[in-house]
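The values are calculated or read from the model by the stated rules, or taken from the named source; none is laboratory data. All of these numbers come straight from a predicted model, not from anything done at the bench. Glycine also receives a Cβ, built like all others from the backbone with ideal geometry; neighbour counts cover every protein chain displayed. Protein only, heavy atoms only, side chains kept; ligands, DNA and RNA dropped before computing areas. Shrake-Rupley method; radii C 1.70, N 1.55, O 1.52, S 1.80 Å.
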Amino acid sequence: MSQNLLQGGNRPAQWSLQTFVHVVGSVHEHLFVDLLAQPLATAEFLAVDTETNGLAGEACALTEVGAVLVGGGELHDRWETLVGGAAPLSRAIQRFTRISQGMVDAAPPADAVLPDLADQLEGRVLVAHNASFDRRVLRQAFARAGLDWPDPPALCTVALARRFAPLVRQRKLASLAHALGIEVETTHRALADAETCARVFCALFGRLCANAGTVAEALALLRPVRRSRPRAARTLAGATIKRHRPDTSALPEAPGVYLFRNAAGQVLYIGKSVTLRTRARSHFATSAPAEGWTEHAAIVDHRPTGSELGALVLEHRLIRALRPPGNVVHKHDDPYVYLRCRLDIAFPVLEVAREPAAGRAVTIGPLRSRAGTVELKEQLDSLFGLRHCARKLRLRPWPSAYGQMGRCLSPCLNDLDPNVYRRRLDEALALFTGGDGASALLEHLDGQMREASDAQRYERAAWLRRRRERIAVLVGSLDAGGGLSATHARPRLVLARHERGPGHDAFWIAGGRLADWSPLTDMTDLHDRTLASLSGRHEHVTQLPAEVVAEARIVQTWLAGNDADVLQLRPVPGRAALEAFVSAARQPPGANGSSTTSALPAPSTSTVSPTAASRRTSASAIGP
């Protein structure tokens, strides 16, 4: 009966719906089996690429699809179309794919274009880069349009490269194509990426044919190998062997640090948690990964703290002092970075780093995004004419591209007075050492625009306006609660609490470092400790010892991502103000807000020694 259906021969005058569905399903299954048995050398392939709205899961929607017919190791017909969608596109995805909202609004709906794609997939093998993603996107698009997904067999060029080009470590489509000698002109558009995928497939097609004769054999060859996971617990004669576990019953369910020791009392591992007993027991659970020190742990003791921040600081100090073998080097797993300037060279530069700068420096942060911080650095370099190059200054006979555009003072020409450069640098850094750096920077740009407009330099005023609009977006996205100010310009007293505990930890932060901390028990010495923390701290720069850099980062990043009661220490509060602040902080959460006072003086401008009269001692305004 299925043969008559395909050939249009004699058939019953009237079929039931159940009989029709059974016949169509039988035909599809027969064609699928025939395709799997077809030799690779004579099979046809359709390289497909999709572009989406950039959302995840069920919110992901198809915006463009491109396809290239491949046969005999060559590219043949090409097909592409935009797909209309209901959900609006974000600006980021429009910049990324260069597909505007207007293009999608004018495109035909999915139910009008996907039948053409289904016809092209019939009897062919789908080829895609990261095929599981494209199959999922197309399957969702067909389902939303009320169409049946043809479900063709699929080959993934990522798996193909992993199998037959193992020395190519970067397997993104463009990187893989370059490694195989394939030129790539356009990326992140459906037809262009489909063509690149097809060329990658053709480059590896000969190696695939040498190892697989049919489509079914190729699918089996490229099927991912699922490595068996180690069993959570060892067994013997059907009984589970439980790991040796020290007695943790004496540990409280409170924040602090726990120390595992061997029978001789040597510290094996130090950890921290806001629930000590639960966290310590988790090391010996049957599902926990095996750790070398757990077999030797015999004793566990603890040091209580009043907050998570206190546990972080205490853990860091104990690891530095005791160096237990079970603790590995700590790696930063948060997105925070710093914009810093080290002042130990003649022409300092702004740089982006994961930690505050050691030595004599100005550090701004922590900031939320590395990419955004790099862009802010470039904006400041261009606004104030600072160096865009690395810390080591390489002399050159002509100015760089930034110098030729008037966006760098070009100290690399070796004819610039260092005082001129330093005044520009101090002007830039002063914006972030006087309080809210974001507002100060925008006010500086407003003043520059007014000056340019008064001088009838309208092109420069327009250039500054465009920069201000972009910088306003940048500082809004980077601010992690500190107003984009230098770390040493914010002396403050922080009271951190644990949400399930009544106690607090008091932290005095001054000079960009943790000056003092302890559990908050009484207020008799609160004022004296505040004065001691602020003594000898200079407000215009900071001198941060290398051994306290990691601790300073721990405190600053925790404050950037968590709520705490904060009291600004400029001007220095009196005893009554400190007692009122602590009394308000000791109220239940939600009953009071953070107390802040701020009066940060502007930093003084520093200069270097005068130089020869032949050097440049002035510089024109930066910009057009």
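Out of Glu183, Glu195, one residue alone is open to solvent by 30 Å² or more (accessible area, probe 1.4 Å) and without any contact (Cβ under 8 Å) to a residue 24 or more places away in the chain. It is Glu183. Which residue pairs have Cβ atoms under 8 Å apart, sit 6 or more places apart or on different chains, and have a first residue in the range 92-115 that is touching a residue at least 40 places away in the same chain (Cβ under 8 Å) and closer than 13 Å to Arg189 by Cα and a second that is open to solvent by less than 70 Å² (accessible area, probe 1.4 Å) and in a helix (DSSP H, G or I)? From residues that are touching a residue at least 40 places away in the same chain (Cβ under 8 Å) and closer than 13 Å to Arg189 by Cα, the pairs are Ile99/Ile93. Just so you know, in the range 255-284 the residues that are among the small types (Gly, Ala, Ser) and in contact (Cβ under 8 Å) with a residue 12 or more places away in the chain include one that is nearest to Ser307 (Cα to Cα), and it is Gly256. All conditions but one from (1) open to solvent by 60 Å² or more (accessible area, probe 1.4 Å); (2) in contact with a strand residue (DSSP E or B) (Cβ under 6 Å, 6 or more places away or on another chain) apply to Leu416; the one that does not is (1). Going by the conditions given, is Gly447 in contact (Cβ under 8 Å) with a residue 60 or more places away in the chain, over 23 Å from His388 (Cβ atoms) and surrounded by fewer than 22 Cβ atoms within 10 Å (Cβ to Cβ)? When the stated conditions are applied, Gly447 does not pass them.
Please indicate, with yes or no, whether at least one residue in the range 513-523 is farther than 17 Å from Leu309 by Cα and either open to solvent by 40 Å² or more (accessible area, probe 1.4 Å) or touching a residue at least 60 places away in the same chain (Cβ under 8 Å) (or both). Scanning the range 513-523 turns up at least one residue that is farther than 17 Å from Leu309 by Cα and either open to solvent by 40 Å² or more (accessible area, probe 1.4 Å) or touching a residue at least 60 places away in the same chain (Cβ under 8 Å) (or both). All of (1) of a type in the set (A, V, I, L, M, F, W, C); (2) farther than 16 Å from Leu155 by Cα; (3) outside any strand (DSSP E or B) hold for Ala41 with one exception: (2).
For the range 550-580, the set of residues classified as under 22 Å from the mean Cα position of the chain (by Cα) and among the β-branched types (Val, Ile, Thr) consists of Ile554, Val555, Thr557, listed by residue number.
Can we say Leu117 is surrounded by 12 or more Cβ atoms within 10 Å (Cβ to Cβ), out of contact with any helix residue (DSSP H, G or I) (no Cβ under 7 Å at 6 or more places or on another chain) and either within 20 Å of Arg144 (Cα to Cα) or not charged (D, E, K, R) (or both)? Answer is yes for this residue. Can you run down the residue pairs with Cβ atoms below 8 Å, 6 or more apart or on separate chains, where the first is in the range 307-335 and of a type in the set (S, T, N, Q) and modelled with pLDDT under 90 and the partner is surrounded by 13 or more Cβ atoms within 10 Å (Cβ to Cβ) and assigned to a helix (DSSP H, G or I)? From the range 307-335, the pairs are Asn327/Ile319. Checking the structure you have, find out if any residue of the range 64-76 is crowded, with 18+ Cβ neighbours inside 10 Å, among the aliphatic types (A, V, I, L, M) and outside any strand (DSSP E or B). Checked the range 64-76: no residue is crowded, with 18+ Cβ neighbours inside 10 Å, among the aliphatic types (A, V, I, L, M) and outside any strand (DSSP E or B).
Per-residue answers, yes or no, for (1) within 29 Å of Leu259 (Cα to Cα); (2) open to solvent by 70 Å² or more (accessible area, probe 1.4 Å):
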residue: Pro304; (1), (2): yes, yes
residue: Val313; (1), (2): yes, no
residue: Pro325; (1), (2): yes, yes
residue: Val328; (1), (2): yes, yes
residue: Tyr338; (1), (2): no, no
residue: Pro348; (1), (2): no, no
residue: Val352; (1), (2): no, no
residue: Ala358; (1), (2): no, no
residue: Val362; (1), (2): no, no
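Quick check, is His188 open to solvent by 50 Å² or more (accessible area, probe 1.4 Å) and either closer than 13 Å to Asp49 by Cβ or among the β-branched types (Val, Ile, Thr) (or both)? Spelling it out, His188 is indeed open to solvent by 50 Å² or more (accessible area, probe 1.4 Å) and either closer than 13 Å to Asp49 by Cβ or among the β-branched types (Val, Ile, Thr) (or both).
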